[in-house]
Amino acid sequence: KKIYYLHARGQFADVVQIGRQIERLGEACSSAAVAMVNRWWGSALNRLGRPEQARPRLEQALALSKQIGDVYCQVQALRGLVHLWMGLGEFERAWRLLDQAWALREQVKARDEWLTLRLYGTLAAAERDFGRARDYYMQALACTQRIEDRFAQSLIEERLGEAYLEMGELD
């Protein structure tokens, strides 16, 4: 869990360091732990501007999570790959991966459906389709309201405001 919290705090260099430590442990770690670590390690590398190093980590996280049947980790790895391909301007590939993540949502039964909807909006905004982004953000907002997550709601409202601003709808 430490790697998740470091990532959430933006301490990406520390995440990479932990990833290297776990890698050195080799087979002493469970496949589930290795998948999870690679997911956050890959994301941290991507955030540090090293997508060529991030991609194999995220792909390994996806492959391992499929192998062990960890659907939640699959969704997270897919979302990490979406960010990677979006950053590289490979939008079609990012959409396909995001659709795969969305298709798994019923199996996960997690409270973070809004994260995938937000990512749909972010991807639409990256393509400068702010009307579509707004629609996804509205769906994400409804999810955050349904689960009564005020922090998530504020994150979505910020994105929604940005979409309206880009569309020139200042009201």
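Key figures for this structure:
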read-out	value
Solvent-accessible surface ranking, highest first, for LYS1, LYS66, LYS109 at 1.4 angstrom	LYS1, LYS109, LYS66
Rounded to the nearest 10 Å², the accessible area of GLU92 at probe 1.4 Å	140 Å²
Taking only Cα atoms of the stretch 1-41, radius of gyration then Dmax in Å	9.6, 29
Burial ranking of peptide ranges 29-38, 6-15 (average Cβ count within 10 Å, highest at the top)	29-38, 6-15
Average projected area [Cα convex hull, the stretch 90-171], square nanometres	5.3 nm²
Computed label-point distance, nm, for sites GLN100 and GLU59 using a 7 Å Cα→Cβ extension	1.1 nm
Of ILE156, ALA63, ALA110, farthest towards positive along the dipole that unit charges on Lys, Arg, Asp, Glu beta carbons give the chain	ALA63
Dipole of the chain, positive direction: furthest Cα of ALA28, THR144, GLY80, with charges on the beta-carbon	ALA28
Charge dipole (debye, nearest 20) of the chain; +1 at Cβ of Lys and Arg, -1 at Cβ of Asp and Glu	680 debye
Extent along principal axes [Cα atoms of the chain; Å; largest to smallest]	56, 31, 28
The stretch 103-171: chymotrypsin sites (Phe, Trp or Tyr not before Pro) falling in loop per DSSP and having at most 12 other Cβ within 10 Å	none
Distance (nanometres) between label positions extended 7 Å along Cα→Cβ at GLU127 and LEU170	3.0 nm
Portion, in percent, of the accessible area of the chain that falls on carbon or sulfur, probe 1.4 Å	48 percent
Sites PHE91 and LYS1 - FRET efficiency at Förster radius 25 Å, r taken between beta-carbons, to 0.05	0.15
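The values are calculated or read from the model by the stated rules, or taken from the named source; none is laboratory data. All figures in this text were calculated on a predicted structure; none of them were measured in a lab. So basically every Cβ, Gly included, is an ideal-geometry build from the backbone, and we count neighbours across all protein chains shown. Please note that ligands, DNA and RNA were not included when accessible areas were found on the heavy atoms of the full protein model with its side chains. Shrake-Rupley method; radii C 1.70, N 1.55, O 1.52, S 1.80 Å.
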